[in-house]
């Protein structure tokens, strides 16, 4: 059964520059989970995700709002090798699950650059089903339960010129909060540029519940070295309620901030390139 009931009132584009969407659950480490357990769990996904890769594990990340504490030196002695981060991929490598003892992640991504974006709602529903499979596996194997401590939504955009801009230095053609130098300035047009922004995500009472991180940087397409701008938007925070349901509530809130933030930061000229339908 699908969990979603329809698209909310959000900016909508027929041709968004989206290259990847990521949903991630971070939870308290499952101490007893080993590579062998992940191999057994793979059997439940293998029909759809028959390929497997191993990667170094990700470090935990938290959004904190209290004043920073003095830096402390910590020494950790590992008595066993860390469990790797295992990727389970479909044959086209456009969808994958990443698993490690404190993370479950679902990625959709373009590989050839022409794959149609399936939209957030089907990705969300598929990830919810995958989380349910993991929870059932943990119960059957006596490995504990998921205690989610952070949720993360990421949209990776590859913004191509498509007639709207030509050079990496023309950020003012893409971003509304970037201005070109006035005529007659000593400096020439910038060769390239980038930007990092953070926005606090608050609930209806004004309490901070997460952050939206935005990063824009110049890049080149692998196929022909033509210029693109990589614009990553990540919403990260604690679950908005108990259990996995609270985590998925944060996903929906984070997605709203990402989509509305993307529209706020980009120019109407780019909206026309992406064929915005609601403005």
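Can you tell me which residues in region 215-227 are surrounded by fewer than 18 Cβ atoms within 10 Å (Cβ to Cβ) and not in a loop (DSSP other than H, G, I, E, B)?
If the condition is that a residue be surrounded by fewer than 18 Cβ atoms within 10 Å (Cβ to Cβ) and not in a loop (DSSP other than H, G, I, E, B), then 215, 217, 218, 219, 220 are the ones that fit.
When residue 59 is evaluated against the numbered criteria (1) loosely packed, with under 10 Cβ neighbours inside 10 Å; (2) at pLDDT below 95, which criterion, by number, is the only one it fails?
Going through the list (1) loosely packed, with under 10 Cβ neighbours inside 10 Å; (2) at pLDDT below 95, residue 59 breaks only (2).
Could you check how many residues of region 11-61 are in a loop (DSSP other than H, G, I, E, B), over 25 Å from residue 133 (Cβ atoms) and in contact with a strand residue (DSSP E or B) (Cβ under 6 Å, 6 or more places away or on another chain)?
Final tally of qualifying residues: 1.
Among the residues of region 179-214, how many are closer than 19 Å to residue 249 by Cβ and in a loop (DSSP other than H, G, I, E, B)?
Qualifying residue count, region 179-214: 5.
The values are calculated or read from the model by the stated rules, or taken from the named source; none is laboratory data. Worth saying up front: this structure is predicted, and the values here are computed from it rather than measured. Please note: Cβ atoms are built from the backbone with ideal geometry, for glycine as well, and neighbour counts cover all protein chains shown.
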